[in-house]
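Okay, so here's the structure we're looking at.
The values are calculated or read from the model by the stated rules, or taken from the named source; none is laboratory data. Keep in mind it's a predicted model, so treat the numbers as computed, not measured. When we count neighbours, we look across all protein chains shown, and the Cβ atoms used for this are built from the backbone with ideal geometry, even at glycine. We work out accessible area using only protein heavy atoms, side chains counted, and drop any ligands, DNA or RNA first. Shrake-Rupley method; radii C 1.70, N 1.55, O 1.52, S 1.80 Å.
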Amino acid sequence: MSGIDTKKMLDSIMQDVRVELLEEYDRNFERKAFFSRKWARAKTEPGRGTLMMRSGALRRSIKGRITGRRITFSSDLPYAVIHNEGGQIVVTRRMKRFFWAMYYKYSGGSASRRKAALMSDLAGFYKAMALKKTGSRITIPQRQFVGSAPEVEALIRDVVEDNFNEWINSIQKQIKSIER
């Protein structure tokens, strides 16, 4: 009978936890919440999908990496941290140019009243943002999608228990085969 390879067992647990957490963090985008804690609505959302799902780039950017006995989840997108943690950003000249461009885009004529109302709401939002002074601050509410939570701890516990139960069953089968 071969001995228990604890390194192999721990590697398997780490890999399973990484995969399970990546799946749950991905589901947060479907839930529009961090597990059961709903995200704050964006002011520019009407008719355009949710802020966190417009392009799907943030959702696709989340990666999990195992280093030793640590799993790190990250994104290479510069705006990932501000959405996940919330906070303030400083208005720059470049941002003001973007806001003016969006204002002009959404302040044009429209074929339907519904679309015209939506356009005027968006145009008003972008105009207000464009009129902010360079150096002023914009508060971004937290829309957490990765991190620690009771649900994460429960998932890790379940993965560890499942892995140990598999190894115990495997050892029991090995013992039975030797006894025969």
key: Positions within the stretch 163-178 being open to solvent by 90 Å² or more (accessible area, probe 1.4 Å) and among the polar types (S, T, N, Q), in sequence order   = GLN172
task = Take the residues in the stretch 146-180 that are outside any helix (DSSP H, G or I) and either in contact (Cβ under 8 Å) with a residue 40 or more places away in the chain or in contact with an Asp or Glu (Cβ under 7 Å, 6 or more places away or on another chain) (or both), then tell me which one is farthest from TYR25 (Cα to Cα).
result = ALA149
request  = Considering every residue within the stretch 153-176, establish whether at least one is out of contact with any helix residue (DSSP H, G or I) (no Cβ under 9 Å at 6 or more places or on another chain), within 30 Å of ILE89 (Cα to Cα) and at pLDDT 95 or above.
outcome  = no
note = Per the filter on the stretch 87-115, residues at pLDDT below 95, hydroxyl-bearing (Ser, Thr, Tyr) and assigned to a loop (DSSP other than H, G, I, E, B) are SER107, SER110, SER112
task = Report yes if some residue within the stretch 67-86 is open to solvent by 50 Å² or more (accessible area, probe 1.4 Å), farther than 21 Å from LEU21 by Cβ and at pLDDT 95 or above; otherwise report no.
result = no
task = Answer yes or no: is there a residue in the stretch 124-132 that is among the basic types (Lys, Arg), surrounded by 14 or more Cβ atoms within 10 Å (Cβ to Cβ) and either modelled with pLDDT of 90 or more or assigned to a helix (DSSP H, G or I) (or both).
result = yes
Tally, over the stretch 39-62, of residues that are open to solvent by 50 Å² or more (accessible area, probe 1.4 Å), at pLDDT 90 or above and out of contact with any helix residue (DSSP H, G or I) (no Cβ under 8 Å at 6 or more places or on another chain) = 1
message = Which count do you get for residues in the stretch 133-145 that are open to solvent by 20 Å² or more (accessible area, probe 1.4 Å) and assigned to a loop (DSSP other than H, G, I, E, B)?
response = 7
query = Only one of (1) modelled with pLDDT under 95; (2) surrounded by 15 or more Cβ atoms within 10 Å (Cβ to Cβ); (3) out of contact with any Pro (no Cβ under 8 Å at 6 or more places or on another chain) is not met by LEU118, so which one is it?
reply = (3)
inquiry  = Criterion first (among the small types (Gly, Ala, Ser), under 16 Å from VAL19 (Cα atoms) and exposed (fewer than 11 other Cβ atoms within 10 Å of the Cβ)) does SER148 satisfy it?
reply    = yes
